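One structure is given here, and the rest of the page talks about it.
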């Protein structure tokens, strides 16, 4: 395969031409037209998109939708969601509507602390270093970053704590400076990393210059200075509750409210104990969470990494949601770490991220944490409700009917007719193929497409 130096220095047309020549089989002019068709008509806006990433060739579009009827702490929201899986927005909307008629969602932020570390190696008596940190170094380090934290402090954030941790039992000569932060409405990654790197420099200099240390003790070998995406103290809780009888009946599964509640509770308990089920269970929660995170310009990869680590905090990967039946009360809840921001980064750079936050009422970071958690809970409720009643495939495949029809090259008229035909029938590739065979009076297969 062809290799290239200086690819990033080529303009967009040259990048596409090189790619078409060496890695694609279609006509280069057709490829260029295809890539160009996805670029924004507004040249200035396209420059914004190009600047978000690197080696940009074009734009990759995902559907942008909304889920209405989210009643959260008494306020009604329409929630923007960006996701390619058709059933997700429908499930979130269904969960929102169901609970809007039963008191809505409740949410509270438990804490908003974020964390970062300076990881370093040091040879010497650990007690000597720890004593130096407690008596002199800690105060010096905190003072050294005051210019960096001044603006954040003015917005209600800043450095909260700083501690030195001896980790030599994990790795020879390994120590950590662990710092915690409040970052107000910013996600705060750049702020945290800047402070940590300054700590690293000051630590190295202070130890080197102090007369208490001699020989190898004067050398601090900084390995890295970086925030952690595991933020178990940046925590939000969302929940719904109602009398069990208020859940209603579920005729499609021949279940009354009491039977449904017990079955639902058992499904959650299975996800607490079985890692195979827990993984799929939590993936469903993140279906909803990721879609809102993307729509608001936040980092879904960091959110997911943290959430999955939190799900393993007790030594076994388990459900992030919880169900309780207390007397005649049904309570379904989700407690999850969510480090989000509403200022800085893509939240203000991407035009649709700005619009998403406007749709949500320009929330603070804490308010956005609540909204995101409630969407994850709604998504989870709808998924479990489907699983213990009609089964997941009935609704899932209904949502995919149009995609299957387009796969078979169905016309708009055929799509409309099929929607009516499959209202009370099972949707599958084979059933849709058979239906189109009957309508068209012909036999065809996917191989002919």
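Please tell me if residue 270 is surrounded by fewer than 17 Cβ atoms within 10 Å (Cβ to Cβ) and part of a strand (DSSP E or B). Outline the logic, then answer.
Numbers: surrounded by fewer than 17 Cβ atoms within 10 Å (Cβ to Cβ): yes; part of a strand (DSSP E or B): no.
When the stated conditions are applied, residue 270 does not pass them.
Selection of the stretch 319-347 for residues being without any contact (Cβ under 8 Å) to a residue 12 or more places away in the chain and at negative phi yields only 326. Being surrounded by fewer than 22 Cβ atoms within 10 Å (Cβ to Cβ) and part of a loop (DSSP other than H, G, I, E, B): is that true of residue 409 here? The answer is yes for residue 409.
This table checks each residue for (1) buried (at least 17 other Cβ atoms within 10 Å of the Cβ); (2) part of a strand (DSSP E or B).
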| site | (1), (2) |
| --- | --- |
| 66 | no, yes |
| 69 | yes, yes |
| 76 | no, yes |
| 88 | yes, no |
| 94 | yes, no |
| 102 | no, no |
| 106 | yes, yes |
| 111 | no, yes |
| 117 | yes, yes |
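Take the conditions (1) without any contact (Cβ under 8 Å) to a residue 24 or more places away in the chain; (2) closer than 30 Å to residue 296 by Cα; (3) in a loop (DSSP other than H, G, I, E, B); residue 230 misses just one of them, which is (1).
Taking residues in the stretch 46-71 that are under 30 Å from residue 14 (Cβ atoms), and partners anywhere that are assigned to a strand (DSSP E or B), the pairs with Cβ atoms closer than 7 Å and at least 6 places apart or on different chains are 62/82.
Of the residues 206, 139, the single one that is modelled with pLDDT of 95 or more, more than 29 Å from residue 300 (Cβ to Cβ) and loosely packed, with under 14 Cβ neighbours inside 10 Å is 139.
One line per residue, one yes/no per condition, for (1) in a loop (DSSP other than H, G, I, E, B); (2) at pLDDT 95 or above; (3) surrounded by 20 or more Cβ atoms within 10 Å (Cβ to Cβ):
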| position | (1), (2), (3) |
| --- | --- |
| 316 | yes, yes, no |
| 339 | yes, yes, yes |
| 348 | no, no, no |
| 358 | no, yes, no |
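The values are calculated or read from the model by the stated rules, or taken from the named source; none is laboratory data. What you see is a predicted model, and the numbers here were worked out from it, not measured in a lab. Glycine gets a Cβ as well: all are built from the backbone with ideal geometry, and neighbour counts include every protein chain shown.
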